[in-house]
Amino acid sequence: MNTNVLTGEIYSKLITAGTAELNLNRKIVNDLNVFPIPDGDTGDNMFMTVKAGCDAILPELLTSLDSTSAVISKGMLLGARGNSGVILSKIFAGLTKGFQGCEFADIAIISQAFTAAIQESYSAVSKPVEGTILTVFRESVEFANSRLDSTSSIEEYFENLISAAKKSLDNTPNLLAQLKEAGVVDSGGAGLIYIFNGMLNALNGREYSSFEDSDFSNPQAKVDISTFTRNTQLEFGYCTEFFLRLQTSKVDPDTFDEFHFSNWLNQNGNSLVFYRDDDLVKVHIHTMEPGKILNYAQQYGEFLTLKIENMMLQHNEATIQNNYSDKSLPHKKFGTVTVAAGAGIKQSFLEMGVDQVINGGQSMNPSSQDFIQAFELINADHILVFPNNSNIIMAANQAKELYKKAQIHVLPAKTIGQGYAAISMLDFSSDNIDTIISEAMTAISETTTGMISVAVRDTVLNGVEIKKDQYLGFENDTIHLSAQTPETACKELAKKLKLADHGLMLLIYGKDVSDSTARELYKELDSEYKKTEIILIKGEQPVYNYIMVLE
């Protein structure tokens, strides 16, 4: 089969097939993590990112390539999770720029769009590192473009993309020492190849089954209607989402007042996420009166899709934690958002005065839209964001780019310890955002975070021989030791990190550690390090048995 023209309909099929193929191979991509601990989530992040693009597809949008690619790209930008997901969303944003104004595209336009996508993807990273998904994408596009001639089909283009991408992926360990030492190739690059494979399969006529019920890393829990009885009072309102097609019989789409429309929605709900593409309007809003919202919107058009959910039935901790309601928040100059997993850690942040705690962390990275929804709940001029994970910072920065109602400041807190220390030291009394950020950055730089987690495979890293099911003690990207029990690893790591030289340590224990075991470890450490104040916190976090925050 030779396809010579890319239409909106074909493009949507390629995206859907690429998503399905990645879904089938997510575990393989997840297992390519450098650190041998149960935190591999690259496959999940990339899948959830491209699936967000698929979810934005509507049959009526398949009239042109530019409008179809724009809606898909917008969905991915909002749904991007993790560094690999953000870069992936930028790749498709670059394709969209290349397809701008195109009803359809021939192979010459397609090659130009892929070239534009290289530049867009590299712009997502302040200091691009070779040996990653960026390299695999760039080298595959450069090779595919070099093989073009006037007779090339789209199938041949993707065949060249894939063959070059595989060679590039195999070479990533030679470009990144961490990959070579761990004995793996770059996981993001591997995920990209699966997406390309799915696209080529679709061009060759393969049909994929639905991936709607896929079990990804943080699925929606089943709704338990018994939690809302005849005597329950509605506290959190309704999550209301819809696609609206503006109708010329009701409004002139060319003069439709987006500001007036979104401003009315903001006054009658909160957590608004709104965007428009030509005569299509997408709305996500939390409201106590969904009927009022829908009646207002229907004055301008008709619904293409519609979803309303009672948020008191939702089991997403972040949704309940953030306490969406119809109460308008008083305006203030400074607000804060942080990311955490584990009921105890999240509660600690709330008690410290954090405005919004987004549920997430290692192995469950929040999307850019999760950040935007948190921003919407804070009526502030400046919002300080503490991602607390190096794989979340890019999604936070992408949300910053998309959000225009406040000044967003993403602070590079890469661990729970850094975020905890910076937030605990926040002082708004200067009333100067530069001073506040400078003090927070100092706290981040002066904080040491040690972590304990179980090894999921045998390997050697940083000269440490690691056996599956042993417990690792590490700081940032440096593994210091392995031990038979998490408690032994914690005591050994305390020595490595020179706990005796620190005045304070927070010992945060996870969901797999019993209260009695944690208390016993606390007593041992408190007895040995008499000059250090040790505070025991029940964090209930996943992945890490213990987190040690040294200040």
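The values are calculated or read from the model by the stated rules, or taken from the named source; none is laboratory data. Predicted model, so just to flag it, every value in this text is computed and none were measured. Neighbour counts are summed over all protein chains in view; Cβ atoms, including those assigned to glycine, are modelled from backbone coordinates with ideal geometry. The accessibility values were calculated without ligands, DNA or RNA, using every heavy atom of the protein model including side chains. Shrake-Rupley method; radii C 1.70, N 1.55, O 1.52, S 1.80 Å.
Before moving on, here are some points about what is shown:
- Solvent-accessible area per residue for the chain (1.4 angstrom probe, square angstrom): 43
- Sites K468 and S390 - FRET efficiency at Förster radius 35 Å, r taken between beta-carbons, to 0.05: 0.90
- Within the chain, percent of DSSP bridges classed antiparallel, to nearest 5: 70
- Cα convex hull, the range 1-143: 117 Å³ per residue, rounded to a whole number.
- A Förster radius of 22 Å combined with the Cβ-Cβ distance from A406 to K307 puts the calculated FRET efficiency at roughly 0.20.
- Protection proxy ranking of 534-544, 440-450, by the mean of other Cβ atoms within 10 Å over each peptide's residues and highest first, is 534-544, 440-450.
- Counted residue by residue at 0.36 nm each, then reduced by the alpha carbon distance between them, the extension gain from S123 to M352 reaches 78.9 nm.
- The Cα center of the range 44-100 and the Cα center of the range 429-467 differ in position by 32 Å.
- Nitroxide proxy distance, nm - points 7 Å out along Cα→Cβ at E258 and L504: 4.5
- In this rough spin-label picture, where each label sits 7 Å from Cα along the Cβ direction, the L148-K180 distance is 3.5 nm.
- On the basis of the beta-carbon distance and an R0 of 56 Å, D55 and I535 show a calculated FRET efficiency of 0.85.
- Label-point separation, N268 to N204 (7 Å along Cα→Cβ), nm: 5.3
- Carbon/sulfur fraction of accessible area - the chain, other protein chains in place, 1.4 Å, %: 47
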